[in-house]
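The structure appears right after this line, and notes come after that.
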Amino acid sequence: MPRRRAGRGEASLYPRAARRRSPARRDARRAAGAGAPFVTPALRLKNLSVSYGATPVTHGVDIKVAEGESFALVGESGSGKSTILKAVAGLAPHWTGAIEAFGTPRGHGIDPGFARVCQMVFQDPYGSLHPRKTVDAALGEVLAIHRLGDRDGRIARTLEAVGLEPGFRFRFPHQLSGGQRQRVAIARALIPEPKLLLLDEPTSALDVSVQAGVLNLLKRLRRERGLTYLLVTHNLPVVSFLCDRLAVMRHGRIVETADVSLLRQGALREPYSRELLRSGERTVERQELEADP
């Protein structure tokens with residue numbers, strides 16, 4: 001069956017989409033281009049090795065993400081990509097190497113100062129929200145932790161920014177759809193006004209019909225707020241739509257770093273990267289067949 005073209009303002013989930021670059025993306029690409037020096041990158045990982053107890057998971061990972069850039073970590077399950085996000089967020093404290101955000105090194109474990117500039121959006125919105133706390137309570141808790149005032153105003157503005165009407169403010173997670181819950185999770189990450197967002201498979205737990213709306217929201221927020229994204233996903237069409245560059249991980253190591261234009265052209269260099277691309281294409285084809293009435 002022929003692919004349905006995305007409507008105006010609607011995200012396409014296919015690699016040919018989103019070739020027009022915003023000013024923020026052009027600036028990020030210039031900063032991240034070959035031979036271009038990084039001046040205080042938004043995020044820098046240097047020789048990062050993370051372990052769970054005595055089990056090593058990642059090995060000598062080096063990444064530089066320019067301010068305003070959207071960078072993806074891709075790979076099969078168990079490749080270590082989510083572990084990288086957890087280490088940056090302070091949820092995997094056993095690591096060696098260096099982690100810096102906007103030139104400031106972070107320590108091991110939870111760091112409230114670091115959390116002001118870097119927040120995380122988790123894969124499962126229902127699992128990341130307290131089932132007995134309203135949206136108002138969940139957002140207000142973040143403000144209390146960071147000692148930020150104007151509680152009512154901040155909550156109202158943040159809900160509006162993620163496309164939720166005021167009536168959602170006093171609902172519980174079970175009263176929301178999956179897409180609405182993920183918008184609340186994004187709002188919770190945005191409310192302390194960070195500059196860097198860690199996105200752990202932000203649409204994989206959502207219905208395909210809802211994914212495009214969340215992807216468009218993330219793209220708009222990045223443009224309007226000048227945000228930097230580090231995205232973890234196995235979905236290469238999402239990378240094509242949302243990101244500027246990607247790093248391919250296998251067995252805890254980065255095997256290739258490439259511009260997203262090479263992904264769209266099917267011109268990734270490493271055999272493993274090309275196999276991931278072919279696997280992604282087969283997944284898209286299966287989804288189309290399942291959707292064919």
- line: Expected single match for among the basic types (Lys, Arg) and touching a helix residue (DSSP H, G or I) at 6+ places or on another chain (Cβ under 9 Å) among ARG154, ARG116, ARG147 is ARG154
message: Any residue in segment 240-255 that is over 15 Å from LEU45 (Cα atoms) sitting within a Cβ distance under 8 Å of a residue that is surrounded by 24 or more Cβ atoms within 10 Å (Cβ to Cβ) and among the aromatic types (Phe, Trp, Tyr)? List the pairs, counting only those 6 or more apart or interchain.
response: LEU242/TYR229; CYS243/PHE71; CYS243/TYR229; ASP244/PHE71; ARG245/PHE71
field: Failed criterion for ALA87 (all others in (1) in contact with a Leu (Cβ under 8 Å, 6 or more places away or on another chain); (2) in contact (Cβ under 8 Å) with a residue 40 or more places away in the chain; (3) of a type in the set (Gly, Ala, Ser) hold)
entry: (2)
task: State whether the residues of segment 201-224 include one that is of a type outside the set (Ser, Thr, Tyr), in contact (Cβ under 8 Å) with a residue 40 or more places away in the chain and in contact with a His (Cβ under 8 Å, 6 or more places away or on another chain).
output: yes
field: All positions within segment 251-275 that are surrounded by 14 or more Cβ atoms within 10 Å (Cβ to Cβ), among the aliphatic types (A, V, I, L, M) and under 19 Å from VAL238 (Cα atoms)
entry: ALA258, VAL260, LEU262, LEU263, LEU268
- prompt: Where residues in segment 162-188 are outside any helix (DSSP H, G or I) and touching an Asp or Glu at 6+ places or on another chain (Cβ under 8 Å), which of them is surrounded by the most Cβ atoms within 10 Å (Cβ to Cβ)?
  reply: ARG169
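Consider GLY178 carefully, then state whether it is in contact with a strand residue (DSSP E or B) (Cβ under 8 Å, 6 or more places away or on another chain) and closer than 28 Å to GLN211 by Cβ.
Numbers: in contact with a strand residue (DSSP E or B) (Cβ under 8 Å, 6 or more places away or on another chain): no; closer than 28 Å to GLN211 by Cβ: yes.
Against the criterion (in contact with a strand residue (DSSP E or B) (Cβ under 8 Å, 6 or more places away or on another chain) and closer than 28 Å to GLN211 by Cβ), GLY178 does not qualify.
Of everything in segment 189-210, what is more than 23 Å from ILE99 (Cα to Cα) and surrounded by 23 or more Cβ atoms within 10 Å (Cβ to Cβ)? Give them in sequence order.
So in segment 189-210, the residues more than 23 Å from ILE99 (Cα to Cα) come out as 191, 203-210.
Hits for segment 189-210 are ILE191, THR203.
Within segment 182-236, restricting attention to residues that are among the β-branched types (Val, Ile, Thr) and touching a Ser or Thr at 6+ places or on another chain (Cβ under 6 Å), which residue is farthest from THR158 (Cα to Cα)? Reasoning before the result, please.
Taking segment 182-236 as the starting set, the residues that turn out to be among the β-branched types (Val, Ile, Thr) are 184, 186, 191, 203, 208, 210, 214, 228, 232-233.
Filter once more, keeping what is touching a Ser or Thr at 6+ places or on another chain (Cβ under 6 Å): 191, 214, 232.
Details: ILE191: 6, VAL214: 15, VAL232: 24 Å.
Ranking the candidates gives VAL232 first.
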query: Name the pairs whose Cβ atoms lie under 8 Å apart, with the first residue in segment 138-161 and closer than 10 Å to ALA187 by Cα, the second surrounded by 14 or more Cβ atoms within 10 Å (Cβ to Cβ) and of a type in the set (Asp, Glu), and 6 or more positions between them or separate chains?
result: ILE155/ASP136
query: Are there any pairs with C-beta distances below 6 angstrom linking a residue in segment 54-75 that is in contact (Cβ under 8 Å) with a residue 24 or more places away in the chain to a residue that is among the acidic types (Asp, Glu) and in a loop (DSSP other than H, G, I, E, B), with the two at least 6 apart or on different chains, and if so which?
result: GLU69/ASP244; SER70/ASP244
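Quick note: the coordinates plus some simple rules give every number you see, no bench work behind them. What you see is a predicted model, and the numbers here were worked out from it, not measured in a lab. With ideal geometry, Cβ positions are generated from the backbone for all residues, glycine too; neighbour counts draw on all protein chains shown.
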